[in-house]
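The next block holds one structure in the form of structure tokens; read it before the comments.
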Amino acid sequence: MNTITPMDSANQEVWIGVDVGTTGVRAIAYTEDGTNVCSSEAFYPLLTPHPDWAEESPLQILEAVQEVISKTAAQLRYKNKELAGIALSTVMHSFAGLDEGKESLMDMQTWADSRSVSIVREMKKDEGLCRSFYERTGCPIHACYPLAKIIWLRQNQPELFRQMRYVGSLKDYLFYHLTGQWVIDKSAASTSGMYNERTLDWDDEILAYAGVTKDQLPPVVSTTYSQGLCEDAAKILRLPAGLPVVIGATDGVLVNVGIGAVEPGQLSGTIGTSGALRMLTRQPKTDPQMRTWCYNLTDDMWVAGGAINNGGMILRWVRDKICHYGGSALETLDIDPYD
């Protein structure tokens with residue numbers, strides 16, 4: 001009788017998953033059975049130069065991503081394990097105008113940036129417009145989406161808007177610097193407010209409303225799409241050129257995959273910097289009252305849910321600004337400031 005034995009983890013392929021968050025990035029090396037081999041993390045500041053602004057430097061994030069990949073790969077070499085590839089996960093709703101060389105003209109507006117709230121308020125006066133956009137994109141009209149961010153830039157910084165050759169997000173910016181190819185995954189595209197969930201492509205009418213054209217945005221590819229590590233990135237990371245880099249999806253929709261909530265009716269609830277409830281669905285789902293969103297996970301899988309912009313971030317704010325428990329004072333006493 002044949003017996004099935006567990007796969008020897010020592011002989012399994014090892015992949016590095018890179019999770020780019022709001023204020024930090026972590027790279028974790030996993031074997032095929034989900035064993036955590038090693039990891040590293042790095043952090044970068046969230047910039048708030050004005051009320052309602054929440055920005056980050058794309059270059060700082062890129063350098064942090066390079067740092068954690070390099071450190072994790074070095075640990076794998078020390079453990080005599082061969083790296084099979086890299087896969088990416090990033091936060092949603094980011095926007096930065098890029099120049100002809102696809103370098104950022106500005107700090108990147110994050111999901112938490114709400115400077116465009118007055119624009120959203122005006123858009124919501126036209127219920128027909130809001131419903132049309134929502135039913136096509138799965139994105140309720142909201143200041144977090146790049147659609148509103150682009151309109152804000154056009155109205156408030158017209159000279160910078162004219163200089164913008166390409167419309168970029170964190171995912172395509174990182175993938176471009178790792179592989180030399182400028183594309184965006186369906187997951188990140190579907191969280192922009194400009195991606196038509198029926199045609200699976202950028203929506204020309206919504207782009208025209210924002211004042212941009214399709215040739216300014218990256219081509220949309222599957223979340224499983226991969227490209228080889230380019231020569232420049234390979235030198236920086238001390239990894240072989242051509243190593244597969246999977247473009248991956250966004251952190252929000254990957255939560256359900258990570259915890260195994262992938263069957264009909266299974267909900268995930270997370271509280272990180274923000275908070276959200278999510279459920280997988282086989283086709284795009286919208287709400288008659290436009291209260292939920294729906295984003296792409298894979299070619300035939302979607303994630304519907306609702307979110308709040310405030311979560312653990314509020315606890316940290318109370319810790320630092322109200323209780324003044326930030327810094328290392330309590331750490332030296334071996335006390336958790338949250339306790």
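The values are calculated or read from the model by the stated rules, or taken from the named source; none is laboratory data. Keep in mind it's a predicted model, so treat the numbers as computed, not measured. Every residue, glycine among them, receives a Cβ derived from its backbone with ideal geometry; neighbour counts consider all protein chains shown.
One residue stands out in the range 298-339 among those that are within 30 Å of Ser222 (Cα to Cα) and of a type in the set (D, E, K, R): the one that is surrounded by the most Cβ atoms within 10 Å (Cβ to Cβ), namely Asp299.
Thr90 meets the conditions (1) buried (at least 20 other Cβ atoms within 10 Å of the Cβ); (2) over 29 Å from Thr213 (Cα atoms) in every case but one. The failed one is (2). Residue-level check: of (1) crowded, with 18+ Cβ neighbours inside 10 Å; (2) at pLDDT 95 or above, His50 misses just (1).
Residue by residue through the range 266-281, note down the ones that are in a loop (DSSP other than H, G, I, E, B) and surrounded by 14 or more Cβ atoms within 10 Å (Cβ to Cβ). Correct list: Gly272, Thr273, Ser274.
When Glu67 is tested against (1) charged (D, E, K, R); (2) more than 24 Å from Trp202 (Cβ to Cβ); (3) at pLDDT 95 or above; (4) surrounded by fewer than 17 Cβ atoms within 10 Å (Cβ to Cβ), exactly one condition is not met: (4).
When the range 295-312 is filtered for residues that are assigned to a helix (DSSP H, G or I) and over 16 Å from Gly269 (Cα atoms), nothing remains.
Look at (1) under 30 Å from Arg278 (Cα atoms); (2) modelled with pLDDT of 95 or more; (3) small (Gly, Ala, Ser) and you find that Gly260 fails only one, number (2).
The set of residues in the range 212-271 that are of a type in the set (Ser, Thr, Tyr), farther than 30 Å from Leu160 by Cα and in contact with a Leu (Cβ under 9 Å, 6 or more places away or on another chain) comprises Thr223, Ser268, Thr270.
In this structure, is Pro284 part of a loop (DSSP other than H, G, I, E, B), within 23 Å of Cys144 (Cβ to Cβ), in contact with a Cys (Cβ under 7 Å, 6 or more places away or on another chain) and not polar (S, T, N, Q)? So Pro284 passes the test. For the range 106-115, what are the residues that are touching an Asp or Glu at 6+ places or on another chain (Cβ under 7 Å), surrounded by 19 or more Cβ atoms within 10 Å (Cβ to Cβ) and either of a type in the set (D, E, K, R) or closer than 16 Å to Trp293 by Cα (or both)? Of everything in the range 106-115, those that are touching an Asp or Glu at 6+ places or on another chain (Cβ under 7 Å), surrounded by 19 or more Cβ atoms within 10 Å (Cβ to Cβ) and either of a type in the set (D, E, K, R) or closer than 16 Å to Trp293 by Cα (or both) turn out to be Asp113, Arg115. Selection of first residues in the range 298-314 that are over 16 Å from Tyr134 (Cα atoms) and of second residues that are in a strand (DSSP E or B) and of a type in the set (S, T, N, Q), restricted to Cβ pairs under 9 Å at least 6 apart or on distinct chains, gives the following pairs, ordered by first then second residue: Met301/Thr281; Gly311/Thr270.
Which numbered condition in (1) touching a Gly at 6+ places or on another chain (Cβ under 9 Å); (2) of a type outside the set (A, V, I, L, M); (3) part of a strand (DSSP E or B); (4) in contact (Cβ under 8 Å) with a residue 40 or more places away in the chain is the only one that Asp19 fails? All conditions pass for Asp19, except number (1). Has the range 264-271 got any residue that is out of contact with any Phe, Trp or Tyr (no Cβ under 9 Å at 6 or more places or on another chain), touching a residue at least 12 places away in the same chain (Cβ under 8 Å) and within 30 Å of Thr48 (Cα to Cα)? Checked against the condition, which is being out of contact with any Phe, Trp or Tyr (no Cβ under 9 Å at 6 or more places or on another chain), touching a residue at least 12 places away in the same chain (Cβ under 8 Å) and within 30 Å of Thr48 (Cα to Cα), the range 264-271 yields at least one hit.
Number of residues in the range 218-228 that are surrounded by 23 or more Cβ atoms within 10 Å (Cβ to Cβ) and more than 21 Å from Arg282 (Cα to Cα): the value is 1. Is it the case that some residue within the range 167-180 is modelled with pLDDT of 95 or more, under 24 Å from Val303 (Cα atoms) and among the polar types (S, T, N, Q)? There is at least one residue in the range 167-180 that is modelled with pLDDT of 95 or more, under 24 Å from Val303 (Cα atoms) and among the polar types (S, T, N, Q).
One line per residue, one yes/no per condition, for (1) without any contact (Cβ under 8 Å) to a residue 12 or more places away in the chain; (2) more than 15 Å from Ala96 (Cα to Cα); (3) among the hydrophobic types (A, V, I, L, M, F, W, C):
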site	(1), (2), (3)
Ile151	no, no, yes
Arg165	no, no, no
Asp172	no, no, no
Gly180	no, yes, no
Ile184	no, no, yes
Gln216	no, no, no
Thr224	no, yes, no
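Exactly one of (1) in contact with a His (Cβ under 9 Å, 6 or more places away or on another chain); (2) among the hydrophobic types (A, V, I, L, M, F, W, C); (3) within 25 Å of Ser132 (Cβ to Cβ) is unmet by Ala210. Its number? Here Ala210 clears every test but (1). Of the helices (runs of 4 or more DSSP H) contained entirely in the range 116-186, those carrying at least 2 residues that are exposed (fewer than 15 other Cβ atoms within 10 Å of the Cβ) fall at 117-123, 127-137, 146-156, 158-163. Of the residues making up the range 313-339, those that are acidic (Asp, Glu) and not in a helix (DSSP H, G or I) are Asp334, Asp336, Asp339.
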